[in-house]
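The next block holds one structure in the form of structure tokens; read it before the comments.
Values quoted throughout were computed directly from the atomic coordinates according to the rules given, and no laboratory measurement underlies them. The structure presented is a predicted model; accordingly, all values stated were derived computationally and were not measured.
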Amino acid sequence: MSVSEERLAAYADGELEGAERAEVEAAIAADPALAARLAAHRALKARLAAHYAPLAEEAVPDRLAALLAVPPAAPAEVVSLAAARQKRGLAPAVRRWAPIAGPALAASLILALWQPWQAGVPEGYARGELAAALDTQLAGDQPSGAPTRILLSFARTEGDLCRAYRSGAEGGIACRDAAGWKIERRFALDGAPAGQFRQAGSEADLMAAAQDMAAGGALDAEGEAAARKRGWTQP
């Protein structure tokens, strides 16, 4: 049974139920590679939770709290969507998000306003899992079998910090600026088809490109850890 990354991530987050959950569990039990992918998802989730926990503990700034405040309104007619769906002969809607909709929605609004990389990321910048890996993973300490592997980190001549990465058959170099991780170079690796934005190459070509961009040597483990703590900015 083939399990997509999206379905595996949903399983890791506890979002699958019933037969769908049982199918994924059976596939994991029968496939060590799939079990390793699950472990990588869970490790990344744990790293993100640890990385952003201090933000969750901070008081919400007044300007953001004001945006979430809802002024009292006149009583309105309450319409039961479940009753309306039943009357039209439609199946009940899935309630996967119902128990956490209130607090989760408020938290997501705050994070979207407070952390620009989560919402409105400009074109050409890393998003989703890649952005999370660039933010949190260290080249010398990352889960084995992680979907994205950080190869090295370095400072380039312009002064900003950059990271070379590999994700499946694609690799690249991303540099951190105020908007997020801007992808400066993309490579189609292992014979993968090149395109308008990806040049054909190997991991050696990727490392050579990083060396050409670097102002000095790659950051060591201590330098990477310090850079992550600073949010990938120069001291």
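Below are the figures for this structure:
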{"quantity": "Cα gyration tensor category, rounded, prolate or oblate, for segment 128-229 with a/c compared to 1.5", "calculated": "prolate"}
{"quantity": "Residues whose placed amide H lies under 5 Å from that of residue 151, excluding near-sequence neighbours", "calculated": "164, 165, 166"}
{"quantity": "Segment 141-164-segment 182-208 distance, computed between alpha-carbon centres (Å)", "calculated": "15 Å"}
{"quantity": "Whole-Hz couplings from phi, Karplus 6.51/-1.76/1.60, listed for segment 221-235; x for Gly and Pro", "calculated": "4, 5, x, 5, 4, 5, 5, 4, 4, 7, x, 6, 10, 6, x"}
